[in-house]
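The values are calculated or read from the model by the stated rules, or taken from the named source; none is laboratory data. Everything quoted here is computed from the prediction, not taken from an experiment. For neighbour counting, all protein chains shown are included, and Cβ atoms are generated from backbone atoms with ideal geometry for every residue, glycine included.
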Amino acid sequence: MKRVVVGLSGGVDSSVAAYLLKEQGYEVIGLFMKNWHDDSVTISNECPWLEDSNDAMLVAEKLGIPFQVVDLSEEYKERIVDYMFREYEIGRTPNPDVLCNREIKFDVFLKIALELGADFVATGHYCRKGIIKTNDQETYQLLAGKDVNKDQSYFLCQLSQEQLATTLFPIGELTKPEVRQIATDLDLITAEKKDSQGLCFIGKVRLPEFLQQKLQPKEGVIVQIPNDAQVFNRSKTEFESKEEELAYKATKYEYHLNDGKVVGKHQGAHYFTKGQRKGLAVGGTVEPLFVIETDVDENIIYTGEGKNHKGLYRNVLFVNNNEIHWVREDLALKDGEQLQVKARIRYRQALENATIYKISGGLYVEFENQQSAITEGQFVAWYQDDELLGSGVIS
């Protein structure tokens, strides 16, 4: 019997994952990760860890599997929370869920599981693992979940071949309603439980209060840039090379105070992100204002009216060499090569046609269509069919 350690989160997905593995004849151990101690910034009743660990314990009891709680809050603070503060401070918008999977669930947690003699770890993610066998070699594939509405492959876009080798995704072939039905039939306490929202394993966090622990409020101005501002009149069409064209199209618009008018005040540019609508508290416009750029050095937020504002859109982004990650290392592009892919820049976004171009300093992703709010610090992930090939941090 192979031993599997399941990350039991106290939700329905990991509960059913544990049950399915037991049915398949694995020796299953349930482990709950405690990643957070500070309740002052979590929104009460939205996934407090105590309730979750209790639910996880009751599920383990019902399934007749051993259960324990591991405290990873120190590693979580170092690898996720401190990273978030650093990113926000320099005006980037991190994705803690992607990081949490790479650094906590499939690294720290995986090591603990292997120490417990596990052959595999398993999670309740909606994605699948494929194996390609050539000669004596096995190459692992990260495939989208069967449930298109719940596919979570994007969150796992930073996993490596080594991590995939020891990972199982038991519910990847199921839809969410099917998972709920199994839990209902088994009378599990998690059957009707709502999906947890917010930060991985922390729950819903009030982001401004959370960030204010480290990043001090600092009053600045909100500037509204009109759609017909001079800054948008750049229409270069002649380029010496494809690389020059991509570099030009990937360059952000550069705004200055006198490009628009001051319409309000804010408490810190580092609390805001591109594409954000909430929290600006500026009235008097026909359509809502959206953040089109933040300048953390000058502490200015630039906004545009309406979700079709020119400042929100471009179709090329860049990823630096040190932030490119190939899940399929065997398909990594060499300098000068290109690849037709489908790509997304956020979870739940429909996959869009794109081409990736590898150059000496990194790679460009050129989308067929304009993309709204391409945000530095977030992850772009690229696919062929339903396989996620690689990803990178938008620079």
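Some points to look at:
- Number of the exception - Asn322 against (1) surrounded by 17 or more Cβ atoms within 10 Å (Cβ to Cβ); (2) not β-branched (Val, Ile, Thr); (3) not in a loop (DSSP other than H, G, I, E, B): (1)
Okay, residues lined up against (1) crowded, with 20+ Cβ neighbours inside 10 Å; (2) touching a residue at least 24 places away in the same chain (Cβ under 8 Å):
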site: Asn258; (1), (2): no, no
site: Lys265; (1), (2): no, yes
site: Gly284; (1), (2): no, no
site: Pro288; (1), (2): no, no
site: Ile301; (1), (2): yes, yes
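- Scope the stretch 325-347; condition in a loop (DSSP other than H, G, I, E, B), touching an Asp or Glu at 6+ places or on another chain (Cβ under 9 Å) and under 21 Å from Glu87 (Cβ atoms); matching residues: Ile345, Tyr347
- Test: residue in the stretch 335-351 that is touching a residue at least 24 places away in the same chain (Cβ under 8 Å), in contact with a helix residue (DSSP H, G or I) (Cβ under 7 Å, 6 or more places away or on another chain) and surrounded by fewer than 21 Cβ atoms within 10 Å (Cβ to Cβ): yes
- Within the stretch 104-176, strands (runs of 3 or more DSSP E) holding 2 or more residues that are touching a helix residue (DSSP H, G or I) at 6+ places or on another chain (Cβ under 9 Å) and under 18 Å from Ser391 (Cα atoms): 127-134, 137-144
- Selection within the stretch 98-113 - touching a residue at least 40 places away in the same chain (Cβ under 8 Å) and more than 18 Å from Ile374 (Cα to Cα): Leu99, Cys100, Asn101, Arg102, Ile104, Lys105, Phe106, Asp107, Phe109, Leu110, Ile112, Ala113
Here's the yes/no breakdown for (1) outside the structural domain of Gly145 (by TED's automatic domain parsing); (2) more than 20 Å from Asp151 (Cβ to Cβ); (3) among the charged types (D, E, K, R):
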residue	(1), (2), (3)
Arg344	yes, no, yes
Gln371	yes, no, no
Gly377	yes, yes, no
Trp382	yes, no, no
Asp386	yes, no, yes
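- The single condition among (1) surrounded by fewer than 15 Cβ atoms within 10 Å (Cβ to Cβ); (2) of a type outside the set (Val, Ile, Thr); (3) over 22 Å from the mean Cα position of the chain (by Cα) that Leu63 does not satisfy is (1).
- Search result, residues across the stretch 358-395 that are closer than 23 Å to Gln161 by Cα, charged (D, E, K, R) and not in a strand (DSSP E or B): Asp385, Asp386
- When the test is whether a residue is over 29 Å from the mean Cα position of the chain (by Cα), at pLDDT 95 or above and among the aliphatic types (A, V, I, L, M), Ile301 does not pass it.
- Tally, over the stretch 192-226, of residues that are in a loop (DSSP other than H, G, I, E, B) and at pLDDT 95 or above: 3
- Residue within the stretch 305-315 that is assigned to a strand (DSSP E or B) and either more than 19 Å from Gly377 (Cα to Cα) or in contact with a Gly (Cβ under 6 Å, 6 or more places away or on another chain) (or both) present: yes
- For Phe239, the conditions (1) closer than 21 Å to Thr375 by Cα; (2) in a loop (DSSP other than H, G, I, E, B); (3) aromatic (Phe, Trp, Tyr) all hold with the exception of (1).
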